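Input: a single structure, listed below in structure tokens.
The values are calculated or read from the model by the stated rules, or taken from the named source; none is laboratory data. Keep in mind it's a predicted model, so treat the numbers as computed, not measured. Heavy atoms of the whole protein, side chains included, go into the accessibility calculation; ligands, DNA and RNA do not. Shrake-Rupley method; radii C 1.70, N 1.55, O 1.52, S 1.80 Å.
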Amino acid sequence: MMNISRGDADADAPDPGAAPAVRAEGLSVVRGTRTVVRGIRFVVPRGQVTGLLGPSGCGKTTLMRAIVGTQAKVTGTLEVLGRPAGHPTLRTRIGYVTQDPSVYDDLSVRQNLDYFAAILAPGIPAHDRRQDVDRVLAEVDLTSRADALARNLSGGQRSRVSLAVSLLGRPELLVLDEPTVGLDPVLRRDLWSLFHRIAAERGATLLVSSHVMDEAERCHRLLLMREGEILADDTPDALRTRTGSATVEEAFLHLVDKAAAAARTKETTA
């Protein structure tokens with residue numbers, strides 16, 4: 001389900017705007033009895049599209065839940081927009097789309113957005129809420145489909161509705177958990193173009209997870225993740241240059257092999 005818990009923020013609190021969008025140091029996250037994220041460090045710069053890339057089950061979703069403040073067992077440092085993760089003032093500043101976004105089939109696109117807008121900001125007058133809905137409809141290119149029932153939308157259009165919900169209220173950070181899963185290459189390309197447009201026009205920061213390595217080439221910066229650890233935190237160009245690789249996928253495989261070799265060496269010398 002989509003996280004829609006963006007309540008009233010503390011308007012009088014100081015805004016540490018110079019801080020990166022996300023900063024982690026020695027961050028570990030436990031789910032049940034298993035440590036899913038293990039002592040990682042990374043920085044997500046503001047105003048860019050950062051990709052969180054890695055195979056299924058490597059800890060991407062757990063890390064994203066920690067960033068938006070819905071993961072309880074977190075140790076180490078995790079700051080989001082200059083605040084500790086989970087701080088009440090962050091709720092209006094973060095938009096979050098999960099792997100299974102909520103779209104109500106019996107409602108139109110506009111009705112879906114109006115419903116979520118009313119929950120996200122119950123004190124906003126109906127006129128202002130309508131303006132916000134109209135704005136995000138235009139941003140995600142769904143104005144012409146505003147009155148269509150959600151059940152009649154294509155997969156790509158449903159993904160855009162979910163993205164539109166996350167844009168309500170003008171959040172500074174968008175956390176998108178595998179938003180292109182199940183989409184064909186053309187729809188994935190179009191959605192990534194939209195991500196970059198949002199970053200450029202809004203100045204927003206996007207953290208987008210995926211296990212599709214060709215999407216890594218579309219990011220300003222990358223966090224490459226494997227088995228709960230960050231293998232690299234760098235730009236695509238720097239990763240290719242550092243590893244002597246033609247693609248980010250080759251760079252990722254090079255880093256995986258290097259990490260595995262280091263682990264074997266550690267085991268034999270222990």
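Hey, any idea what the orientation-averaged projected area of the convex hull of the range 220-270's Cα atoms comes to, in nm²?
On the way: hull surface 14.9 nm².
Averaged projected area of the range 220-270's Cα convex hull equals 3.7 nm².
Any idea what the relative contact order of the range 42-129 is, in percent, if you count C-alpha pairs under 8 Å spaced at least 6 apart? Intermediate values should be presented prior to the final figure.
Working: 34 pairs, mean separation 11.9, N = 88.
The normalised contact order for the range 42-129 reaches 14 percent.
Compute the normalised compactness of the chain: alpha-carbon radius of gyration over 2.2 N^0.38 Å, N being the residue count. List each step's numbers first, then the result.
Working: Rg = 19.1 Å, N = 270, 2.2 N^0.38 = 18.5 Å.
Compactness ratio reported: 1.04.
Hey, which lysines would be in cross-link range of Lys73, C-alpha to C-alpha under 29 Å, not counting anything within fewer than 8 residues on its own chain?
Lys60, Lys266
His220 accessible area, nearest 10 Å², 1.4 Å probe?
80
With the full set of protein chains in place, find how many percent of the accessible area of the chain is carbon and sulfur; take the probe as 1.4 Å. Walk me through the numbers on the way to the answer.
On the way: 6310 of 12660 Å².
Answer for the chain is 50 percent, counting heavy atoms of protein chains only.
Pairs of Cα atoms under 8 Å, at least six residues apart: use those to get the relative contact order of the chain, whole percent. Spell out each step's value before the answer.
Working: 497 pairs, mean separation 68.0, N = 270.
Contact order relative to length: 25 percent.
Just want to confirm a number: the relative contact order over the range 114-223, from Cα pairs under 8 angstrom separated by 6+ residues, in percent.
Values: 84 pairs, mean separation 26.5, N = 110.
In percent, rounded to a whole number, it is 24.
Sort Tyr96, Tyr115 from largest to smallest accessible area, using a 1.4 Å probe on the heavy atoms of the protein chains. Each step should come with its number before you reach the end.
Details: Tyr96 15, Tyr115 100 Å².
Greatest to least solvent exposure: Tyr115, Tyr96.
Using the heavy atoms of the protein chains and a 1.4 angstrom probe, tell me the accessible area per residue for the range 221-270 in square angstrom.
Values: 2890 Å² over 50 residues.
Per residue, the range 221-270 has 58 Å² of solvent-accessible surface.
Could you give the alpha-carbon Rg of the range 6-149 over 2.2 N^0.38 Å, rounded to two decimals?
Working: Rg = 17.6 Å, N = 144, 2.2 N^0.38 = 14.5 Å.
So the Cα radius of gyration is 1.21 times the expected 2.2 N^0.38 Å.
With every protein chain present, what is the per residue accessible area of the range 33-160 (1.4 Å probe, Å²)?
Working: 5910 Å² over 128 residues.
Accessible area per residue: 46 Å².
Kindly provide the helix-only [θ] at 222 nm of the chain, computed as the sum of -39,500 (n - 2.57) over DSSP H runs of four or more divided by all residues, to the nearest 500 deg cm²/dmol? Intermediate results must be reported in sequence, preceding the final value.
Details: 7 runs with 96 residues, N = 270.
For the chain, the value works out to -11500 deg cm²/dmol.
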